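The values are calculated or read from the model by the stated rules, or taken from the named source; none is laboratory data. If you're wondering where the values come from, they're calculated on a predicted model, not measured in any experiment. All Cβ positions, even for glycine, are placed from backbone atoms using ideal geometry, and neighbour counts span all protein chains on display. Ligands, DNA and RNA are excluded from the accessible area calculation, which covers all protein heavy atoms including side chains. Shrake-Rupley method; radii C 1.70, N 1.55, O 1.52, S 1.80 Å.
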Amino acid sequence: MHGHILQLCVIQAVASFIHLEPKNATVLRGSEVGFNCSTDESWDVMTWLLGGRTILTISVEHGPLGRDESVSTANHSMSSLSVWELVLMNASFSPTVQELICELLPTKLGRSSSALFVQEKGNVRILESNQSVQEGMFVIFHCQASGWYPDPSVSWVVNGTTVDRRDYNTSSLQDPSSLFNSTSVLQMKAETSTTVECWACVSAARAHQSSSVKLTVVAPKPPRDYTVVIAVIVSVCTIILLAVLILILCYRKKLTKSSSENKVSSLWTVNLSSRRRSVADENRGKVNLGYHTEDVTSSGHHDLRNRADGTINIISPPRVPDIIIFRSHNQKEEDFSNLYYKGGKTIRRVTTV
């Protein structure tokens, strides 16, 4: 490899005083990267600068002087061509392109520069775990790629086949440290058991970072037949509804009958009581011939009543009851005259109605 580099430098040195190869280098953070500075002119001092900072000085007589621990050198010079190699042992990340300069003194020989681009490789993972779904269902997977620079390329691989970019969506955000965080969403129809992978990479990476999950597809469950259940529920509800309606009708009928009977009984009782009082008041003293009114307002009667008040409970004769008899329209009052005396007991008055 070094022989090839030397040949290239020899060819290019013919056209210029100083030449630096490669002109552009892209590596991952922490990687090694080498550059070759060549010239066919004589020189005294060779200086290497990275991002404006001197990292190596080489004397044509004494070789490397006070070099940085993060770099190493190798002399590939020939009799007619001076070639020195600089190797960066641990490339440092920077979000901007770093300029590497090889400068020869005296200054009339000039300088040559190359661009160094250091990338950052992050991590990737699928947020979902292994899944088991029914055939025909749609499944969504989320892939997160974090800590990358530049913005990583995210892709999906299903059963070993790369998914078309139109079938998933990817978005990215850059955090304050200039690193990118990307999220990709894949929606797919479950047709067969397979492995789902999410890949992320940058140009300097030799291999992609990946994450994978297992998707297990099971046969769909046959739909349950609810016809019998629905028929039973409808039948039971119908029976219950009919029973409730029958109970309500019976209760209302009973309530109506009881109310009517109470109303008739009340009216009959009121009419009978009123009729009895009316008949008794009309015939008071008219049927019992032994009953007569007395003037109890005279002074003689008043005195007699006062003297008898103390002994009325002893000498008062037994009260003669009144009898009210309801007769039919074809009976005469004389038919009840034999009821004035019954069992030797005196009846004061018999009232016929």
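Quick look at the numbers
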{"read-out": "Test: residue in segment 158-165 that is surrounded by fewer than 13 Cβ atoms within 10 Å (Cβ to Cβ) and either within 26 Å of the chain's Cα centre (by Cα) or closer than 30 Å to C37 by Cβ (or both)", "value": "no"}
{"read-out": "Count of segment 171-199 residues which are closer than 27 Å to E135 by Cα, over 26 Å from the mean Cα position of the chain (by Cα) and surrounded by 16 or more Cβ atoms within 10 Å (Cβ to Cβ)", "value": "5"}
{"read-out": "Candidate set from segment 41-67 (those that are in contact with a Pro (Cβ under 8 Å, 6 or more places away or on another chain) and part of a loop (DSSP other than H, G, I, E, B)); member that is most open to solvent (accessible area, probe 1.4 Å)", "value": "D44"}
{"read-out": "Tally of residues being modelled with pLDDT of 85 or more, surrounded by 10 or more Cβ atoms within 10 Å (Cβ to Cβ) and within 38 Å of the chain's Cα centre (by Cα) across segment 202-230", "value": "12"}
{"read-out": "Flag if L127 is without any contact (Cβ under 8 Å) to a residue 60 or more places away in the chain, within 26 Å of the chain's Cα centre (by Cα) and open to solvent by 80 Å² or more (accessible area, probe 1.4 Å)", "value": "yes"}
{"read-out": "Residue match in segment 130-150 (condition: more than 30 Å from P220 (Cβ to Cβ), among the β-branched types (V, I, T) and surrounded by 13 or more Cβ atoms within 10 Å (Cβ to Cβ))", "value": "no"}
{"read-out": "Count - residues of segment 182-208 that are under 30 Å from T96 (Cα atoms), in contact (Cβ under 8 Å) with a residue 40 or more places away in the chain, assigned to a strand (DSSP E or B) and of a type in the set (S, T, N, Q)", "value": "2"}
{"read-out": "Residue match in segment 84-100 (condition: open to solvent by less than 40 Å² (accessible area, probe 1.4 Å) and charged (D, E, K, R))", "value": "yes"}
{"read-out": "Criterion: under 19 Å from S114 (Cβ atoms), in a strand (DSSP E or B) and open to solvent by 20 Å² or more (accessible area, probe 1.4 Å) - qualifying residue of S31, S38, S72", "value": "S72"}
